[in-house]
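The structure appears right after this line, and notes come after that.
The values are calculated or read from the model by the stated rules, or taken from the named source; none is laboratory data. Keep in mind the model is a prediction, meaning the values are calculated, not measured. Counting neighbours? That spans all protein chains shown, and the Cβs are built from the backbone with ideal geometry, glycine included. Accessible surface is based on the protein model in full, side chains and every heavy atom, while ligands, DNA and RNA are left aside. Shrake-Rupley method; radii C 1.70, N 1.55, O 1.52, S 1.80 Å.
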Amino acid sequence: MTLALYGHPFSSYTWKARIALLAADLEHEFLILDADHPEHAEAVRFAGPQGKFPVLRDGENLLFEATSIIEYLSVHHAPADMLVPSDPDAAIGTRMMDRVFDNYVMGPMQDVVNEYLRNAENPDMVRITEARARLDRTYAWLEGWLQFYPEMDHVTLIECAAAPSLFYADWVHPIPEALPRLRQWRAHLLSLPAVRTCVEEARPYRAGFPLGAPDRD
């Protein structure tokens, strides 16, 4: 049975799961959540306690949380050692970096976005400043980490997490020119075919970005 992914083209966590599917060349349906497909939203509400997407359907199995979806694909569908290494120590490092991108890049980026969603005319600038400072700390740490992580075309859980988080974080709080490795790596990630597909599919929805989408990737 064909895999199906429920999500939205502009959603960063949808990107995260879809990048894995595309990079592993796994046949799947992309079932978009919108007003024209209420049945898709119903499936998502049924899958998890908060009704959040993405959700992967594989036969009777419903998986939610993007990292868990990628772990499942790694075990059941993707080529061996592609998304998550089979070596236990390498897998620990991969999972650690997945959490870095979700918690320390995507998290503060989303905190800024949430302030503009809450009150676009009068966002809480104290919270926004704090979130931007957390991004600065993470950016600087990643610049150092990239000395030891080679740029490659192979997609792992790390690239799946990094590409969408850095894509949107750089919109919210641009990566400084003083961090050339991180700026280059972001550009490299956005050039990967699986990531490029997500970028282009999201393009029609840019007008909805709360801070105003910049005219660039």
| With charges only on Cβ, +1 for K and R and -1 for D and E, what is the dipole size of the chain about its Cα centre, in debye, rounded to 20? | 560
| said: I'd like to compare 123-134, 141-152: which one has the highest average count of other Cβ atoms within 10 Å, and what's the full order after that? | reply: 123-134, 141-152
| note | Applying the gyration tensor rule to the Cα atoms of the chain (axes a ≥ b ≥ c; rounded if a/c under 1.5, else prolate if a/b exceeds b/c, else oblate), the class is oblate
| message | How large is the accessible surface of residue 26 in square angstrom, using a 1.4 angstrom probe and rounding to the nearest 10? | response | 30
| field | Global geometry of region 22-67, whether rounded, prolate or oblate, following the gyration tensor of its Cα atoms and the 1.5 cut on a/c | value | oblate
| remark: Whole-percent carbon and sulfur contribution to the accessible surface of the chain (1.4 Å, no ligands, DNA or RNA) stands at 53
| query | Taking the simple approach of a point 7 Å from Cα along Cα-to-Cβ for both residue 120 and residue 26, what is their distance in nm? | reply | 3.6
| Alpha carbon centre of region 54-128 versus region 159-181: separation in Å? | 15
| Of all DSSP beta bridges located in the chain, what percent are antiparallel, nearest 5? | 60
| query | Stretch residue 153-residue 81 to full length: gain in nm at 0.36 nm per residue minus the Cα-Cα span? | reply | 24.5 nm
| query | Distance in nm between label sites at residue 89 and residue 50, each 7 Å beyond Cα in the beta-carbon direction? | reply | 3.5
| remark: For residue 74, the accessible surface traced by a 1.4 Å probe with all protein chains present amounts, in square angstrom to the nearest 10, to 20
| note | Expressed per residue, the solvent accessible area of the chain in Å² (1.4 Å probe) is about 50
| said: Nearest 500 deg cm²/dmol is fine: what mean residue ellipticity at 222 nm does the chain get from its DSSP H runs of n ≥ 4 alone, each adding -39,500 (n - 2.57), divided by its residue count? | reply: -17000 deg cm²/dmol
| message | Sort 203-210, 12-19 by packing, meaning the average of other beta carbons within 10 Å per residue, with the highest value first. | response | 12-19, 203-210
| message | Tell me the relative contact order for the chain as a rounded percent, counting alpha carbon contacts under 8 Å between residues six or more apart. | response | 24
| task | Mark the label point 7 Å from the Cα of residue 96 along Cα→Cβ and return the residues of region 117-140 whose backbone N is within less than 15 Å of it. | result | none
| request: Would you calculate the separation in nanometres between label points at residue 205 and residue 42, each defined as 7 Å from the Cα along the Cα-to-beta-carbon direction? | output: 2.2
| task | Would you work out which of 209, 119, 28 lies farthest towards the positive end of the dipole of the chain? Charges go on Cβ: Lys and Arg +1, Asp and Glu -1. | result | 119
